[in-house]
Amino acid sequence: MEAGNHIKYLSHKEIDKTQWDASITQALNGLIYPYSFYLDAMSKHWDALVLNDYEAVMPLTWNRKYRFYYLYQPAFAASLGVFGKNLNKELIDDFIRSIPSKFKLIEISLNAGNIIRDSTTFSILRSNYILNLNKPYEELYKAYRDNHKRNINKALQSGCSVSLEIPVDEIIQLNKEQLQHIDGTKSEDYPNFKTLYEFLKNRGQAKTYAIVDPKNKILASAIFFFSHNRAYYIMVGNHPDGKTIGASHALIDTFIKDHADQNLILDFEGSDIRNLAFFYSGFGATEEIYPALKINKLPWYIRLLKK
């Protein structure tokens with residue numbers, strides 16, 4: 001650790017949330033997920049590592065099981081990690097070394113600003129896709145894959161239309177139905193997410209989009225959050241009937257059209273899944289790599305239970 005740098009561990013009650021949120025706002029790699037209101041809503045518990053007077057910060061989202069403490073990635077929070085203005089390999093490694101030893105299992109995603117050349121700290125590099133919307137719509141549309149353009153036209157020709165007034169509960173229900181066989185998102189995460197959505201909507205930082213058929217049935221829907229000149233494709237709720245007529249393609253295209261020529265990045269929040277990566281890149285989105293940190297210091301008998 002460099003002279004003059006002091007990273008301290010703070011329990012949740014010791015964190016000055018005003019200073020914390022100011023640090024996230026000013027961070028060069030700032031995102032919406034590490035704001036105190038977001039962590040309060042979506043994580044079971046969170047403490048923090050703080051450099052000096054909140055010059056750089058790292059949330060520690062934790063839980064406890066079998067009497068062991070562990071760090072985990074909260075639902076609907078794609079990237080956490082270290083946030084600040086002057087990050088470098090040594091500082092990020094110092095933060096990771098400063099994680100208290102009581103956390104015997106660490107499975108968290110860091111952020112794209114935590115990738116430092118030649119760093120060997122991270123065991124996994126993951127993929128996100130982002131699209132800069134700072135061009136006219138016509139120019140953005142030209143970069144679409146031809147298959148995407150055909151799907152958009154198919155949705156329009158089938159009589160689909162856009163709705164910006166879909167109740168959030170309907171999008172959440174569709175998302176539940178989509179993800180019911182996928183591990184990770186738990187039933188209690190949804191009411192927490194709804195509380196977060198209402199908070200952000202009241203601040204003008206959340207929007208809903210939907211593609212509906214002529215009978216007003218939702219075929220594709222999404223919730224977008226806004227922060228740090230980013231629009232986060234945070235929750236998706238699609239009906240199986242929308243897949244064959246390109247409803248999701250039409251939804252993303254509508255969002256791009258509405259926000260083209262703005263200083264805004266559309267953050268697709270993934271993905272390492274090949275089909276999703278193909279879908280996102282088909283709009284001209286480019287890959288953004290971010291690291292995941294996995295450290296397992298659990299006793300051998302607990303590791304067996306975890307498997």
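Read-outs throughout are calculated quantities, based only on the coordinates presented, and are distinct from any laboratory measurement. Not measured: the values here are computed from a predicted model. Quick reminder, even Gly has a Cβ in these numbers, built from the backbone with ideal geometry, and neighbours come from all protein chains shown.
Neighbours of Lys102 by Cβ distance under 14 Å: Lys/Arg scored +1, Asp/Glu scored -1, total +4. Helix 17-26 and the long axis of the chain differ in direction by around 60°, with both axes built from C-alpha atoms. Dividing the summed -39500 (n - 2.57) terms of all DSSP H runs of n ≥ 4 by the residue count of the chain sets its mean residue ellipticity at 222 nm at -9500 deg cm²/dmol.
Summarising the label geometry, the points placed 7 Å from Cα in the beta-carbon direction at Lys201 and Ile289 lie 3.9 nm from one another. Each other residue within a Cβ distance under 14 Å of Phe226 adds +1 if Lys or Arg and -1 if Asp or Glu, for a net charge of +1.
Here the Gaussian network model covers the chain, with springs between Cα atoms less than 10 Å apart; of Asp253, Asp169, Asp213, Asp169 fluctuates the most. Put simply, the C-alpha atoms of the range 175-307 give a gyration tensor, and the ellipsoid matching it has half-axes of 29, 19, 18 Å, longest first. The charge dipole of the range 147-233, taken about its Cα centre with unit charges on the Cβ atoms of Lys, Arg (+1), Asp and Glu (-1) only, comes to about 440 debye.
Add +1 for every Lys or Arg and -1 for every Asp or Glu among the other residues with Cβ under 13 Å from the Cβ of Tyr33, and state the total. Write down the numbers at each step before the final one.
Working: positive: Arg230; negative: Asp21, Asp40, Asp267, Glu269.
Charge balance near Tyr33 sits at -3.
Between helix 247-259 and the chain there is an angle of about 80 degrees, using the helix long axis and the longest principal axis of the Cα atoms.
Shape class for the range 84-224: prolate, because the ratio a/c of the largest to smallest gyration tensor axis (alpha-carbon atoms, square roots of eigenvalues) is 1.5 or more and a/b beats b/c.
The angle between the Cα long axis of helix 168-179 and the longest principal axis of the Cα atoms of the chain comes to about 80 degrees, rounded to the nearest 10.
Projecting the Cα positions of Tyr70, Ala48, Met58 onto the charge dipole of the range 1-110 (unit charges on Cβ atoms of Lys, Arg, Asp and Glu, taken about the Cα centre) puts Tyr70 furthest along the positive direction. What translational diffusion coefficient, in µm²/s and rounded to a whole number, does the Stokes-Einstein relation yield for the range 63-144 at 4 °C and a viscosity of 1.567 mPa s, taking the hydrodynamic radius as the Kirkwood radius over Cα pairs? Translational D for this selection: 83 µm²/s.
In this calculation the C-beta distance from Leu28 to Lys89 is compared with R0 = 22 Å, giving a FRET efficiency of 0.90. Charging the Cβ of each Asp and Glu at -1 and of each Lys and Arg at +1, and nothing else, the dipole of the chain about its Cα centre rounds to 1000 debye. Dipole size of the range 92-221 about its Cα centre, with +1 on Lys/Arg Cβ and -1 on Asp/Glu Cβ: approximately 240 debye, rounded to the nearest 20. Spatially, the range 56-128 and the range 210-253 are offset by 31 Å when compared through their Cα centroids.
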